[in-house]
1. Yes or no: segment 259-274 includes at least one residue that is within 13 Å of the ligand (Cβ to nearest atom) and either assigned by TED's automatic domain parsing to the domain that holds Ser439 or in contact (Cβ under 8 Å) with a residue 60 or more places away in the chain (or both).
2. State whether one or more residues within segment 217-224 are outside the structural domain of Ala286 (by TED's automatic domain parsing), on the phi < 0 side of the Ramachandran plot and more than 15 Å from the ligand (Cβ to nearest atom).
3. Mind checking whether some residue in segment 482-502 is of a type in the set (Gly, Ala, Ser) and closer than 22 Å to Gly182 by Cβ?
4. Which condition number does Ala231 fail, the rest of (1) within 13 Å of the ligand (Cβ to nearest atom); (2) of a type in the set (A, V, I, L, M, F, W, C); (3) farther than 18 Å from Asp267 by Cβ being met?
5. Out of all the residues in segment 126-133, is one or more outside any helix (DSSP H, G or I) and without any contact (Cβ under 8 Å) to a residue 60 or more places away in the chain?
6. Can you name the helices (runs of 4 or more DSSP H) wholly within segment 281-381 that have at least 2 residues being outside the structural domain of Val253 (by TED's automatic domain parsing) and of a type in the set (Asp, Glu)?
7. Asp457 versus (1) buried (at least 22 other Cβ atoms within 10 Å of the Cβ); (2) of a type in the set (D, E, K, R); (3) outside any helix (DSSP H, G or I): which is the lone unmet condition?
8. Being within 16 Å of the ligand (Cβ to nearest atom), aliphatic (A, V, I, L, M) and more than 30 Å from Gly420 (Cα to Cα) is the filter here; which residues of segment 275-295 pass it?
Amino acid sequence: MEFDIIIEDGNIVDGTGKRDPYIADIGLVGDSIEAIDDLTEAKASQRINASGQVVCPGFVDVHVHSEISLLGGRDQYAAVMQGVTTHLAAPDGFGWAPLPQQLAQELWHYTQFAYGDDKVALNWNTPDEYLNIFEGHIPANLYPQVPHCAVRLGAMGWDARPATTDELKIMERTTRDWLEAGACCLCLGLDYQPSANADLNELVYLSKVAASYDAIYAAHIRYQLIGRKAAWEETIEIAQHAKIPVHISHERVDEVSAEVLERVDRDDIDLTFESYLYPAGMTHLAMMLPMEYQTGSPDEMLLNLENTDVREKSLPYLRDKLGIGNQIIGYNRSGRYIGKLLKDVSKQEGKSNEEFAYDFIREEIAIETFVMPWVTPPDENEKVLNQTACHPRMMIASDGVYNIPHPHPRSYGCFVQYLGKFVRERQLISLKDAVYKMSGFPAERFRLSDRGRIATDLAADIVIFDPDTVADRSTWFDPIQPPVGVNWVFVNGVPVINDGEVTGKLPGKVLRHQK
Ligand SMILES: [Zn+2]
């Protein structure tokens, strides 16, 4: 047999989390892994010496705001450079298809804080037509989820109320259309509009539809409305009522979640969660407003914010949420104050933090994104991150935001930080288990049967990295820094990173879950 590529002598960490690393050669033909063996005598068009390096499955990022940036722009390769070969679409339920143009435009405005200067034509009629814009144009694979924001918006607009029976039926139809197009998961952002208005009945109803397609449920849970503990418990309720596996986005193991996780173990709940392992989030300031003032379309919300009474009522609320004002400005419509601290620019404008924040939302027509540090003390944060890093139900996902001037360092660093800091430096978890949390585990959980492992007949999504040097370089104030130590990344058998360099190739496919 003749191979296209042979990867020689690498230390194979196979992504199952079960097998210890072993040395072998891997033979690729076309887009698949054809042999894992001693291939010294075999013929190949190209041989890559991976001696002393780790060869593992491409990483699967289950929560990342990258789908449009994969089509082009400064950050098209930012995630692939870390070894990410599959991206799930529609994180937080953000997705615009198959909405009619006007509604799609309104939702684009609402979600722009997480998509920056990305551009996409909002003209499609079905999930398939939307997915077709990616075929042949992306460096890594894209795997769809059902975008609940679009599902609800299409059925009942921005209305902040429970759905009627008829509206639920319309939502069911769109959910089925997405599942039939290959969506693997019903995905929600329950702090965001319009999904925040969904009641438990709606979530269970749509989850039952998803479960009938062997899809799972994933959510940014309802932190703002009911608080974190109750939001974890609501997710468990959905798992039980709809008999669906559930997954919680961007979470961590601390006192609150540890208590719920004990119950999850005790009652054998089918629950997983993901973490990016940095002590700060990233979102828009609008989320810090009282929920009743966040509702409606962006234009309706902005009109409401003109009311002086609304301003008076919002300021104490914002003051409480913003604390000392150490949030970093990542993006806004006019492009001002990028990379600066909120407290510094407030002072410059002669305003309190909360006055600045309120006015900023209005002036930037709600297109604004901030890095939001945790309010807990740094040593406590490190303790929480360390115990999160090795929790058996945790997988790694970046929540990366791209093509904005000042992203969160996780956009360029999440996966390599895990390998450099948590595996090599702190030795909190073995390489075998860490690779599983970035490949085999997310693939299994989100129903990807032909990826996430190194085995024959599977797709040739492969990363080769140097375990002694692999590390992130992106920081809070210098976040656009590619990693080091990731030398080769193959997507469907094609090198997208070749000896540390971006090749410019676009071998990514749209993946589809088949029941
Ligand atoms: Zn989120």
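The values are calculated or read from the model by the stated rules, or taken from the named source; none is laboratory data. Please read all numbers here as calculations on a predicted model, not as lab measurements. Cβ sites come from the backbone with ideal geometry, for glycine too, and all protein chains shown count toward neighbours.
1. Among the residues of segment 259-274, at least one is within 13 Å of the ligand (Cβ to nearest atom) and either assigned by TED's automatic domain parsing to the domain that holds Ser439 or in contact (Cβ under 8 Å) with a residue 60 or more places away in the chain (or both), which makes the answer yes.
2. no
3. Scanning segment 482-502 turns up at least one residue that is of a type in the set (Gly, Ala, Ser) and closer than 22 Å to Gly182 by Cβ.
4. (3)
5. yes
6. Passing ranges, in order: 298-305, 308-322, 353-363.
7. Exception for Asp457: condition (1).
8. If the condition is that a residue be within 16 Å of the ligand (Cβ to nearest atom), aliphatic (A, V, I, L, M) and more than 30 Å from Gly420 (Cα to Cα), then Leu285, Ala286, Met287, Met288, Met291 are the ones that fit.
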